[in-house]
Structures are given as C-alpha cells and as structure tokens.
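Following: one structure in structure tokens, then a few remarks.
The values are calculated or read from the model by the stated rules, or taken from the named source; none is laboratory data. Fair warning: this is a prediction, and the values are worked out from it, not measured in the lab. Every residue, glycine as well, gets a Cβ built from its backbone with ideal geometry; the counts of neighbours run over all protein chains shown. Accessible surface areas use protein heavy atoms only, side chains included; no ligands, DNA or RNA. Shrake-Rupley method; radii C 1.70, N 1.55, O 1.52, S 1.80 Å.
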Amino acid sequence: MISEAWERELLAARRAHPSGLRIVCPFVKATALQRIVREGTAKNIELITRFDLNCFDQGVSDIAALRAVLAAGGKVRGVRGLHAKLYLFGNASVIATSANVTEAAMRRNHEFGFAAGDPAIVSTCGDYFERLWKLAGADLTPVKLKEWEKILEARRVANPGKPKQSLPDFGAKVPADSPFVTSTAATPSFANQAFVKFSGTGDNKASRDLRTDDVVAESGANWAFTYPSAIHPRQVKDGDVLYLGRLVHSPDDLMIFGKAIGREHRDDVDVASRAEIALRPWKQNWANYVRVHDTRFLDGTLDDGVSFRAMMAAMKSDSFASTQRNAAAGRGNIDPMIAYNRKPGMVLTDRSRAWIDERLEDKLRTLGELDLSKKRFAPPGLPLGKLGYPQH
C-alpha cells in the first residue's frame, strides 16, 4: 500500500520493467509524464485519457503531453468521464492509485493506492486496460491533435468579454456499467473435458514472431492433433475441447493460439500414413492422431496467443485436474509447472478452461481467424469423410 512518494514508486517500477507502459489517467501534464517515460522504452506506450478540450483549456491536462506520446511512437485513446488511474509496467507490475500524472499528484497531494506484482492481480488489471482500450475508439493522430490546437487557440484569442461556451469532448462514450472484467465468483460448469495440447519440444522452441498460419500449415493441426508414436491418446473423447499451444522462447512459454473439438482416438485409422510421414518426417515420432473439427486459430503471430505461464501463475493448483485433486486431498504435487513437464497435453479444470477461453475468444474477435479453406491447409491425400477420417 502506498500513501506517499508517488513519483519515486512510479519511476522505480518503470526502471524495473522498461519495455512496456500502459496508463489509464484522466489528467496528464507533460513534465510529469516525461519523467516517467524517459526511464524506459519510449515507443511502447499506450495511454487512455480524456479528450475533453475543456480540460486542456483549463490547464488541468496538456496537449503537449499527448504530442510527446505520439512523437515517441506511442498510442493515445480517449474516454469521456474517465476517472480511473492505473499504471501497468510490462506484464509484471501494476500500480493502482488516486494520483494523476501531474506535478501536484506526484509531489504535493495526498494520494493513496497500491503496487502489486502478483500475476493474478497484474492479469486482472491488464484485462481491464485491454477491454477499456478496445472501447475507447480510434487512436489519436497528429492531424487530429492539430485540429484541437486550432480550436483551443481560437478560444484564447476570443473577446474576453464574451461568455465562454463549453468546448467539445472527443472521447468515446463508454457505458458506466460496461463489464470490463468478468466476475470469477461463479465458475461455469462444463459437460465435456478440455485439454491443452502442446506442440514443439524443449530443443526446438519457436520464435514468438512465427506466424500461426505457418504453424498450422506445417502441423496439419486444422484436421488432426499429433501425439507421440508410443502414446495412444485415450483420454480424449468425442466432443472434448482441445486448446493448441506452441512452445516458444525469449522468454520461454507455451502460447495458445487455437482450439478445436476432438474425436476419440481409433487405433485402426488415427495414425500417420507413409505418405504423411514422407511429407512431414517428424511424424515418424509423432504418428498418433486425435482427429479434430470446428477448428479455430487466431490470425497473427505466436506472441499474440494466450500465455500458458500466465494461466498457471493465476490459477496455481487449479490449473489442472491432477493438481486440483492433489490440493483437495492434501497430498501429491500441486505445482502446475512440475505437473505439465514433458507431457503432450494436460486436462484443464473448469476454472483454467474458462480463464483460457475468455482470453482466446477475445483475441479471435480482435485479431481475426485463419481462413482454413485455403489450399495450403488441406490434408494430404484423399479428403476426409464426414466423421473426420480419410476416405480410402
């Protein structure tokens, strides 16, 4: 909890996590903002503030502050009636406070709030920012900023004896009751199982900038998920949900970028053919299939996916069915990081499934989905039958 030395706290957090800065703040002054910005990477800044020209006319906010963000390569969006103050430093730290980015708030006013590095708190605050960002309309442009400066200049040179009229507010109208953060008080109950299926191995982790369409085309994940040749995936039943993730590096994680409905494995047909192995030699060691349908993959890079590590940090022992059972029984491993090590997939709990699904659905909406009708995604050989098996 913090009740004093706000600027010191903000600058320390910025120095510790310099690569990204997201701010929600109604009133922003240039000098106070610049001290925060210059402690880290300038271009990765996103600011949600007020676009009420009366605030700039009265001097409680600065046009110069917005111009500085744009000049540094950052982005600015506006919301009418904004009053929240939130500072996110990368995906590692957050400060929620009553303090605006002004000299008075940073150095003189009595302000109160908290700083946190707990992954669940940071994730929740990040969700709030992302939802508000999407509702906040289009990015501010230098052209629009010049238009506002002309309006403000006209006000300054107007006849002093003329009564002042209210200036326009160009912020987005966001309903006060918008559900920015979904309540976790009630976890949905699902009739079917859900799994996270891992692709890649520890010695061939992918780059985060790898395109998801290339991953799907190479793996054939739009029609079958592969499992090791020595393992027959008996757990998956007809109608179960499978989320697909790829191991990545810098930093290490598993990024979930799609999902599908699975079919129960059949030993007689759910195995890679010689032709398929010839096309993709790696299937020699990953020959067993779970056929899938209703596949959906986000159209972007692996870095756009949902972080598996963030899920485990937020859910802890509720990440997987096994760790949840062990926690309830008071014995056995409850560490999700240990539980999933070297496994091709894991059974999720209702809580972790809901956590992943909410974030993945949001990304599918905002980034779009791969068009799986393209020729490069077609399975090799003969077309699949109605049940998802090859028509031999």
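Brief remarks on what is shown
- Of all lysines in the structure, the ones whose alpha carbon falls short of 16 Å from that of Lys173, not counting any fewer than 8 places away in one chain, are Lys134.
- Computed E for Arg280/Phe114 - FRET, C-beta separation, R0 45 angstrom, nearest 0.05: 0.30
- Taken one residue at a time, the phi angles of segment 290-300 give Karplus couplings (6.51, -1.76, 1.60, θ = phi - 60°) of 10, 5, 10, 9, 6, 6, 9, 10, 5, 8, x Hz. Gly and Pro are set to x.
- Cα→Cβ-extended label distance, 7 Å offset, between Ala84 and Glu358, nm: 1.3
- Listed peptides 110-117, 347-354 appear in the order 347-354, 110-117 once ranked by packing, highest mean of other Cβ atoms within 10 Å at the front.
- Taking segment 31-173 and dividing mean pair separation by its residue count, relative contact order in percent (alpha carbons under 8 Å, at least six apart): 32
- Taking Cα centre as origin and charging only the Cβ of basic (Lys, Arg, +1) and acidic (Asp, Glu, -1) residues, the dipole magnitude of the chain rounds to 500 debye.
- Degrees separating the helix 6-16 axis from the principal Cα axis of the chain, which is the longest one: 40
- An oblate overall shape is assigned to segment 265-368, the ratio a/c of its alpha-carbon gyration tensor axes (a ≥ b ≥ c) being 1.5 or greater and a/b not exceeding b/c.
- Summed side-chain charge close to Val76 - residues other than Val76 whose Cβ falls under 11 Å, Lys, Arg +1, Asp, Glu -1: +3
- Positive contributions from Lys and Arg (+1) and negative ones from Asp and Glu (-1), summed over other residues with Cβ under 12 Å from the Cβ of Val60, come out at -2.
- Environment charge of Gly305, counting only residues whose C-beta is closer than 10 Å and scoring Lys/Arg +1, Asp/Glu -1: +1
- Backbone HN-Hα couplings from phi across segment 324-331 [Karplus 6.51/-1.76/1.60, Hz, Gly and Pro as x]: 5, 5, 5, 5, 5, 7, x, 8
- Expressed as a whole percent, the accessible area of segment 225-342 that falls on carbon and sulfur atoms is 51 (1.4 Å probe).
- Positive-end extreme of charge dipole, the chain - chosen from Pro228, Ala99, Met315 (charges on Cβ): Ala99
- Hypothetical label at Asp127: residues of segment 83-121 whose amide nitrogen lies under 13 Å (7 Å Cα-Cβ projection): 120-121
- Sequence-distant lysines (8 or more away, or on other chains) whose Cα lies within less than 20 Å of Lys316: Lys197, Lys343
- Relative contact order %, segment 44-122, counting alpha carbon pairs below 8 Å whose residues are six or more apart: 25
- Shape call, segment 76-116: gyration tensor on alpha carbons, a/c limit 1.5: oblate
- Per residue, the solvent-accessible area of segment 280-384 (1.4 Å probe, heavy atoms of protein chains only, all protein chains present) comes to 50 Å².
- Seen through its C-alpha gyration tensor, with square-root eigenvalues sorted a ≥ b ≥ c, segment 21-127 comes out prolate because a/c lies at 1.5 or above while a/b is bigger than b/c.
- Reachable aspartates and glutamates, given that their alpha-carbon falls under 15 Å from the alpha-carbon of Lys283 and they are not under 8 places away in the same chain: Glu218, Asp270
- Relative contact order for segment 7-74: 38 percent, from Cα pairs under 8 Å spaced at least 6 residues apart, divided by residue count.
- Compared with the dominant principal axis of the Cα atoms in the chain, helix 142-157 is inclined by about 20°.
- Most to least packed among 265-274, 196-205 [average Cβ atoms within 10 Å]: 196-205, 265-274
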